[in-house]
1. Among the helices (runs of 4 or more DSSP H) confined wholly to region 1-120, which include 3 or more residues that are within 19 Å of LEU172 (Cα to Cα)?
2. So the check is Cβ under 9 Å with 6+ separation or different chains; which pairs have a first residue in region 90-115 that's closer than 27 Å to ILE6 by Cα and a second one that's open to solvent by less than 20 Å² (accessible area, probe 1.4 Å) and of a type in the set (Ser, Thr, Tyr)?
3. Hey, among the residues in region 147-171 that are touching a residue at least 40 places away in the same chain (Cβ under 8 Å) and either assigned to a loop (DSSP other than H, G, I, E, B) or among the hydroxyl-bearing types (Ser, Thr, Tyr) (or both), which one's surrounded by the fewest Cβ atoms within 10 Å (Cβ to Cβ)?
4. Out of the residues in region 59-88 that are closer than 23 Å to GLU111 by Cα and surrounded by fewer than 16 Cβ atoms within 10 Å (Cβ to Cβ), which is modelled with the lowest pLDDT?
5. Considering only region 116-146, state which residues are crowded, with 16+ Cβ neighbours inside 10 Å, within 15 Å of the chain's Cα centre (by Cα) and free of Cβ contacts under 8 Å to residues at least 24 places away in the same chain.
Amino acid sequence: MRDAFIQTVSGRYLNVLDPQPDDIDIADIAHHLAHICRFGGACRQFYSEAEHAIRMAEILPPQLQLAGLLYGAAKAYSGAVVRADSFECSPLQHRLTAAVEARFGLELSGEDRATLAMADTRLLATERRDLMPPDNIEWPILAGVQPLQERIWPMTISQVLARFCTQYEQYLGWAPSSHIRLRREARS
């Protein structure tokens, strides 16, 4: 297998073709996602992947909030793809997602994954309503999906970074003990 290294904002190097859990860092994830615009930049205001993650976590039950916050964390290392459905099935996405889940001790059932996917779709409906140019074209992925009542008013990058990190710390209480152990080892 070939190597495809990227350097992260913390100075680490990660081989995106063979990502290792120890190479994954929450500060890199937060920073990178805060600087990646959803919809490939096609929204009317800058709206980051990190803010999407924050909002997704907030609509999930407590035991899935950390998983929701990290649901799109692979994008921190691969960038956002405008048409995500093809990317989400790619081997690269699977390897990066598996490394993130291993790093943070996330063990998700099929039901958990379905709940995360539904929350992501409901948030997509809300983002389309509030952030995308208005049109009358139906998005098949959103057929029958109701947007959230609350409207989205995008945060600044600094607000998103602070909130992402705060929520991560808050959600540690729901994480398995292996996650807490990994986090402590990362600080050593």
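1. Values: elements: 26-34, 49-58, 65-69, 75-78, 84-88, 91-103.
Helices (runs of 4 or more DSSP H) meeting the threshold: 26-34, 49-58, 65-69, 91-103.
2. Listed by first residue and then by second, the contacts come to LEU96/TYR77; ALA99/TYR77; VAL100/TYR77.
3. Among those residues, the one meeting the criterion is LEU148.
4. SER86
5. LEU124
The values are calculated or read from the model by the stated rules, or taken from the named source; none is laboratory data. Since the structure is predicted, the reported quantities are computational estimates derived from the model, not experimental observations. For neighbour counting, all protein chains shown are included, and Cβ atoms are generated from backbone atoms with ideal geometry for every residue, glycine included. The area values use the complete protein model at the heavy-atom level, side chains included, leaving out ligands, DNA and RNA. Shrake-Rupley method; radii C 1.70, N 1.55, O 1.52, S 1.80 Å.
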